[in-house]
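Q: Sending over a structure as structure tokens; questions will come in a sec.
The values are calculated or read from the model by the stated rules, or taken from the named source; none is laboratory data. Keep in mind the model is a prediction, meaning the values are calculated, not measured. Glycine also receives a Cβ, built like all others from the backbone with ideal geometry; neighbour counts cover every protein chain displayed. Heads up: the accessible areas ignore ligands, DNA and RNA and are worked out on the full protein's heavy atoms, side chains in. Shrake-Rupley method; radii C 1.70, N 1.55, O 1.52, S 1.80 Å.
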Amino acid sequence: MINAKLKPDWAGEDFLSQIVNVLIQTKPLYNLMKLQARQVLIKTAEKNGVQWRKTCQELDKAGAKELLESVTNPNIQYPDYYQVPFHAYDEGNLCWLAAFEAEPATKAMGLRVWPKEQITWETAEHRLRSSFHEILGKYCPESVENVLDIGCSVGMSTLPLHRYLVQKYGHNIRTVGLDLSPYMLAVAKVRDTQGEIAEWRQELAENTSFPDNSFDVVTLQFLLHELPNKPSRDIFQEAFRILRPGGCLAIVDNNPKSEVIQNLPPALFILMKSTEPWSDEYYTFDVENTLKEVGFDYKITLPSDPRHRTIIAIKP
């Protein structure tokens, strides 16, 4: 049965959404919700075999801090939208705690996609990545040599993408992970123990220094829900510029039409909105039409799991 609603009632201008926003803007309540959101993730993780605290301790000792300077672009000017609290961190992604906790948090979020199934985080992670890869694989160019993962964080999306494409094409592929947080990139470099990724680069996704027609595939994996609509559109425009003709832009993110997301219990959607400041913009953003306006040949939007959708567009 297809859900007729285009978005959750708790997002956008709906009455319920406005009530939730008032609660979030009440500072004592916000601080409580932020703390609770983090505890929900940690509890989910450790209950299901994700060693949250141990992982953070190991990353703290793994040499990431010594790499910070080498991955920092001194010319970066952080946009205002990136300097607000999100993911329960006052500094957003610009701190070590966010970078060290990104891996276990990602594993915990994967488990929450299938909350009623008794599965390991490894199974959830495999499902999450492979469902996206399967759709992407149907629209990739015949030849792929250069790949860019925008908003790569600590590489949880980048490494599986790279390995999938190497296996699919049977030859070495140059994959670049791009992010705005040098803390995330330093951890990504530490996690990339075999040096599989050609470069971990700090740049603005909406204004990179790559030449025109540089990449065969560009991905935005779980990034758009963290952005206002304007930079999202600018990133589409930049992706259009740096993709070669016939190149593929693949997006995977929260699905506004997902019955699971639309029917989240109030406690959970309030927690979600309290840590995702651009939720209202994301859940009312017409991604497909924006891609067309930028110049892409929009191909398809498919549910890739119970909570997420994959969107594919090609540069003519």
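Q: Sequence gap at least 6, Cα distance under 8 Å: using those rules, report the relative contact order of segment 1-152 to the nearest whole percent.
A: Relative CO of segment 1-152 lands at 20 percent.
Q: Here is a follow-up. Once you have the Kirkwood Rh of segment 107-181 from its Cα pairs, apply Stokes-Einstein at 20 °C and 1.002 mPa s and quote D in µm²/s.
A: 159 µm²/s
Q: Based on alpha-carbon centroids, what's the gap between segment 120-165 and segment 207-252 in Å, whole number please?
A: Spelled out, the Cα-based centre of one part sits 15 Å from the other.
Q: How big is Rg to Rh over segment 168-316, alpha-carbon atoms, Rh as the Kirkwood inverse-mean-distance radius?
A: Rg/Rh: 0.98.
Q: How much of the DSSP bridge set in the chain is antiparallel, in percent, rounded to the nearest 5?
A: 40 percent
Q: Could you work out the local net charge near residue 246, counting Lys and Arg as +1, Asp and Glu as -1, over the other residues with Cβ closer than 9 Å to its Cβ?
A: 0
Q: With contacts defined as alpha carbon pairs under 8 Å and 6 or more residues apart, what's the relative contact order of the chain in percent?
A: 22 percent
Q: Once every Cα of segment 274-316 carries one equal point scatterer and solvent is ignored, give the base-10 log of I(q)/I(0) from the Debye formula at q = 0.17, 0.34 Å⁻¹, two decimals.
A: One equal scatterer on each Cα of segment 274-316 leads to -0.58, -1.09.
Q: Something else: Return the long-range amide H neighbours of residue 201 (sequence gap of 5 or more, or a different chain), with a cut-off of under 5 Å between placed amide H atoms.
A: Amide H neighbours of residue 201: 177, 178, 179.
Q: Just need the Rg to Rh number for segment 33-119, please, alpha carbons only, Kirkwood Rh.
A: Taking Rh as the inverse mean 1/r over Cα pairs, Rg/Rh reads 1.03.
Q: Where nothing but the Cβ of Lys and Arg (+1) and of Asp and Glu (-1) is charged, how large is the charge dipole of the chain around its Cα centre, in debye to the nearest 20?
A: Around 780 debye, computed over the chain.
Q: Using θ = phi - 60° and the Karplus curve 6.51 cos²θ - 1.76 cosθ + 1.60, what whole-Hz ³J(HN,Hα) does each residue of segment 86-94 get, with Gly and Pro shown as x?
A: 7, 6, 6, 10, 4, 8, x, 8, 9
Q: Give me the 1.4 Å probe accessible area per residue for segment 210-316, excluding ligands and nucleic acids, in Å².
A: 34 Å²
Q: What number comes out for accessible area per residue over segment 14-139 if the probe is 1.4 Å? Units Å², please.
A: 58 Å²
Q: Using the Kirkwood formula on the Cα atoms of segment 83-233, what hydrodynamic radius do you get, in angstrom to one decimal?
A: Evaluated over segment 83-233, this radius sits at 16.3 Å.
Q: May I pose another question? What translational diffusion coefficient, in µm²/s and rounded to a whole number, does the Stokes-Einstein relation yield for segment 189-259 at 37 °C and a viscosity of 0.692 mPa s, taking the hydrodynamic radius as the Kirkwood radius over Cα pairs?
A: Reported coefficient: 238 µm²/s.
Q: Also, quick follow-up: Compute the semi-axes of the equivalent ellipsoid of the chain, taking the square root of 5 times each eigenvalue of the Cα gyration tensor, and list them largest first in whole Å.
A: After scaling each eigenvalue by five and taking roots: 28, 24, 20 Å.
Q: Here's a follow-up. Considering the chain as a Gaussian network with a 10 Å cut-off on Cα pairs, which listed residue, 158, 72, 26, attains the greatest mean-square fluctuation?
A: Looking only at 158, 72, 26, the biggest GNM fluctuation is shown by 26.
Q: If you count only protein heavy atoms and use a 1.4 Å probe, how large is the accessible surface of residue 80, to the nearest 10 Å²?
A: Accessible area, nearest 10 Å²: 130 Å².
Q: Counting only protein heavy atoms and a 1.4 Å probe, tell me what percentage of segment 114-224's accessible area is made up of carbon and sulfur.
A: 45 percent
Q: Which one of 56, 40, 310 has its Cα pushed farthest toward the positive end of the charge dipole of the chain, where Lys and Arg give +1 and Asp and Glu give -1 at the Cβ?
A: Farthest towards the positive pole: 40.
Q: In addition: Tell me the relative contact order for segment 137-205 as a rounded percent, counting alpha carbon contacts under 8 Å between residues six or more apart.
A: Computed over segment 137-205, the figure is 36 percent.
Q: Could I ask something else about it? Given 7/230; 107/230; 47/116; 168/257; 189/230; 61/107, which pairs have Cα atoms separated by over 24 Å?
A: Listed pairs above 24 Å: 107/230; 168/257; 189/230.
Q: For residue 86, list long-range residues whose amide hydrogen, built 1.01 Å from N in the peptide plane, is under 5 Å from its own amide hydrogen.
A: Correct list: 92.
Q: If I compute solvent accessible area with a 1.4 Å probe over the protein chains, what percent of it on segment 248-316 is carbon and sulfur?
A: Result for segment 248-316: 55 percent of the exposed heavy-atom area is carbon or sulfur.
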